[in-house]
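**Student:** Below are the structure tokens for one structure; questions will follow.
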Amino acid sequence: MAKKDIDWSNIGFGYMKTDKRYVSNYKDGAWDEGILTGDDTVVISECAAVLQYAQTIFEGLKAYTTVDGRVVCFRPDLNAERMEDSAKRLEMPTFPKERFVDAVVKTVQANIDYVPPYGSGATLYLRPYMFGSDAVIGVKPATEYQFRLFCTPVGPYFKGGVKPITIRVSDFDRAAPNGTGHIKAGLNYAMSLHAIVDAHNQGFDENMYLDAATRTKVEETGGANFLFVTRDNKIVTPKSDSILPSITRRSLMSVAKDYLGLEVEQREVLFEEVPEFVECGLCGTAAVISPVGCISDHGKEIKFENGCTEMGPIIKKLRDTLTGIQMGQIGAPEGWIKEIK
């Protein structure tokens, strides 16, 4: 089959309808067999639980074309596990891990002509999600659910290269102690929309959220984990029960230790420590690492001396190594790469 006639090097990071998506419905205590369909519409009751009480969760991962022409996905089993955790927290049925990975494979296979070629800078983004689909008027979990997985080719998150961004310390709280900050639920992202729009209006690229209880500890941004570098090249990432366990962050910590021989540490990070770090990055599926050059704390600037104007050397090594693993240029740890045949 021939690739779709798309200008791969110039597509943006947005939605493009593809040929097929995977759909499975949960009813009477069981998931059906699931199908691939060309229908991209969702028909549900006006009183569906997802519309009334935001009972919805999602994931995000990518398919790539490697340097030797294979099509692969990066650690989809971890996305499946995280989605199971999210479902349990919102009283939703879990979609089995094996079926999740199978749905990823089937969806990529059905849209293989949309997987961008190697070297284009583009990838195929996959969005699995689940929501309560039957009518619920009282505050309670739904009894019927739908799991869907669609894909869309996307361009590089950074057009024109990776440049350090400027973020601010937010006055808004992202997640409460013992809340839902550790799961990938739509409600967590809805509450961050006003904060990110306000940040953009003020000239900042992102928000740094502090812990809601004491506002003294670094947590994360609206959609990415923090990673810091010390003067002696130790990698430090914040630890908190209200931080989403980023698959990219976990992978980067393994890369730092096992590929680059760096010391890594996951612990509580006090905000007062931040000026002592020499590099800072935001970890996520879309960009792998977004370098942070400056943090604005209500008018007071914290600049990272090794990454203020360009990506710092340690952050760059981490990014280059992980993307090299994803693209097949560097050997991957066992189980990290799922080949789509």
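**Student:** Looking at Val278, Val255, which one is at pLDDT 95 or above, open to solvent by less than 10 Å² (accessible area, probe 1.4 Å) and closer than 30 Å to Gln109 by Cβ?
**Tutor:** Val255
**Student:** Can you find a residue that is part of a loop (DSSP other than H, G, I, E, B), β-branched (Val, Ile, Thr) and open to solvent by 60 Å² or more (accessible area, probe 1.4 Å) anywhere in the stretch 207-214?
**Tutor:** The answer is yes; a qualifying residue exists.
**Student:** Quick one: what pairs do we get from the stretch 119-143, first residue farther than 24 Å from Ala287 by Cα, second open to solvent by 40 Å² or more (accessible area, probe 1.4 Å) and of a type in the set (Ser, Thr, Tyr), C-beta under 6 Å, 6+ apart or different chains?
**Tutor:** Cβ pairs passing all conditions: Asp134/Thr143; Ala135/Ser45.
Conditions (1) crowded, with 23+ Cβ neighbours inside 10 Å; (2) closer than 27 Å to Arg215 by Cα, marked per residue:
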{"site": "Leu227", "(1), (2)": "yes, yes"}
{"site": "Thr230", "(1), (2)": "no, yes"}
{"site": "Lys234", "(1), (2)": "no, yes"}
{"site": "Thr237", "(1), (2)": "yes, yes"}
{"site": "Ile247", "(1), (2)": "yes, yes"}
{"site": "Gly261", "(1), (2)": "no, no"}
{"site": "Glu265", "(1), (2)": "no, yes"}
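**Student:** Hey, among Asp85, Asp171, which residue is open to solvent by 60 Å² or more (accessible area, probe 1.4 Å) and in contact with a Pro (Cβ under 9 Å, 6 or more places away or on another chain)?
**Tutor:** The conditions single out Asp85.
**Student:** Could you give every pair whose Cβ atoms fall below 7 Å, whose first residue belongs to the stretch 311-322 and is in contact (Cβ under 8 Å) with a residue 12 or more places away in the chain, and whose second residue is in a helix (DSSP H, G or I), counting only separations of at least 6 or pairs across chains?
**Tutor:** Pairs found: Leu318/Leu252; Leu318/Val255; Leu318/Ala256; Thr321/Val255; Leu322/Ser251; Leu322/Leu252; Leu322/Val255.
**Student:** Continuing with the same structure: Taking the residues in the stretch 36-67 that are under 19 Å from Tyr15 (Cα atoms) and among the small types (Gly, Ala, Ser) as candidates, determine which candidate is surrounded by the fewest Cβ atoms within 10 Å (Cβ to Cβ).
**Tutor:** Filtering the stretch 36-67 for residues that are under 19 Å from Tyr15 (Cα atoms) and among the small types (Gly, Ala, Ser), the one surrounded by the fewest Cβ atoms within 10 Å (Cβ to Cβ) comes out as Gly38.
**Student:** Still on this model: Can we say Ser120 is touching a Phe, Trp or Tyr at 6+ places or on another chain (Cβ under 9 Å), modelled with pLDDT under 95 and open to solvent by 10 Å² or more (accessible area, probe 1.4 Å)?
**Tutor:** In short, yes.
**Student:** Hey, another quick one. On the given criteria, is Tyr145 over 28 Å from Val42 (Cβ atoms), buried (at least 17 other Cβ atoms within 10 Å of the Cβ), modelled with pLDDT of 95 or more and not hydrophobic (A, V, I, L, M, F, W, C)?
**Tutor:** no
**Student:** Something else now. Could you give me the residue pairs with C-beta distances under 7 Å whose first residue belongs to the stretch 231-249 and is touching a residue at least 24 places away in the same chain (Cβ under 8 Å) and closer than 22 Å to Gly312 by Cβ, whose second residue is open to solvent by 10 Å² or more (accessible area, probe 1.4 Å) and among the hydroxyl-bearing types (Ser, Thr, Tyr) wherever it lies, and which are 6+ apart or on separate chains?
**Tutor:** Val236/Thr230; Thr248/Thr285
**Student:** Mind checking which strands (runs of 3 or more DSSP E) fall wholly inside the stretch 232-341 and carry at least 2 residues that are closer than 30 Å to Thr180 by Cβ and under 18 Å from the mean Cα position of the chain (by Cα)?
**Tutor:** Filter on the stretch 232-341 gives 235-238, 279-284, 288-297.
**Student:** Going by the conditions given, is Arg70 surrounded by fewer than 18 Cβ atoms within 10 Å (Cβ to Cβ) and within 22 Å of Ala224 (Cβ to Cβ)?
**Tutor:** The answer is no for Arg70.
**Student:** Also, I was wondering about something else. How about the stretch 85-100: which of its residues are more than 14 Å from Arg21 (Cα to Cα) and of a type outside the set (D, E, K, R)?
**Tutor:** Ser86, Ala87, Leu90, Met92, Pro93, Thr94, Phe95, Pro96
**Student:** Only strands (runs of 3 or more DSSP E) wholly contained in the stretch 1-98 count here; list those with 3 or more residues that are of a type in the set (Ser, Thr, Tyr) and touching a strand residue (DSSP E or B) at 6+ places or on another chain (Cβ under 9 Å).
**Tutor:** Of the strands (runs of 3 or more DSSP E) lying wholly inside the stretch 1-98, those with at least 3 residues that are of a type in the set (Ser, Thr, Tyr) and touching a strand residue (DSSP E or B) at 6+ places or on another chain (Cβ under 9 Å) span 21-27.
**Student:** For Thr152, work out the one condition from (1) assigned to a strand (DSSP E or B); (2) within 18 Å of Phe13 (Cα to Cα); (3) touching a Pro at 6+ places or on another chain (Cβ under 9 Å) it doesn't fulfil.
**Tutor:** Just one mismatch for Thr152, condition (3).
**Student:** Which condition number does Lys27 fail, the rest of (1) within 29 Å of Pro245 (Cα to Cα); (2) open to solvent by 40 Å² or more (accessible area, probe 1.4 Å); (3) in contact (Cβ under 8 Å) with a residue 60 or more places away in the chain being met?
**Tutor:** It is condition (1) that Lys27 fails.
**Student:** Which number in (1) modelled with pLDDT of 95 or more; (2) open to solvent by 80 Å² or more (accessible area, probe 1.4 Å) marks the one condition that Tyr22 misses?
**Tutor:** If we test Tyr22 against (1) modelled with pLDDT of 95 or more; (2) open to solvent by 80 Å² or more (accessible area, probe 1.4 Å), just (2) comes out false.
**Student:** Please give the number of the condition Val101 fails out of (1) within 24 Å of Gly328 (Cα to Cα); (2) buried (at least 18 other Cβ atoms within 10 Å of the Cβ).
**Tutor:** Val101 satisfies every listed condition except (2).
The values are calculated or read from the model by the stated rules, or taken from the named source; none is laboratory data. For clarity, every value in this text was computed on a predicted model and none was experimentally measured. Cβ sites come from the backbone with ideal geometry, for glycine too, and all protein chains shown count toward neighbours. Surface areas here come from the heavy atoms of the whole protein model, side chains and all, with no ligands, DNA or RNA. Shrake-Rupley method; radii C 1.70, N 1.55, O 1.52, S 1.80 Å.
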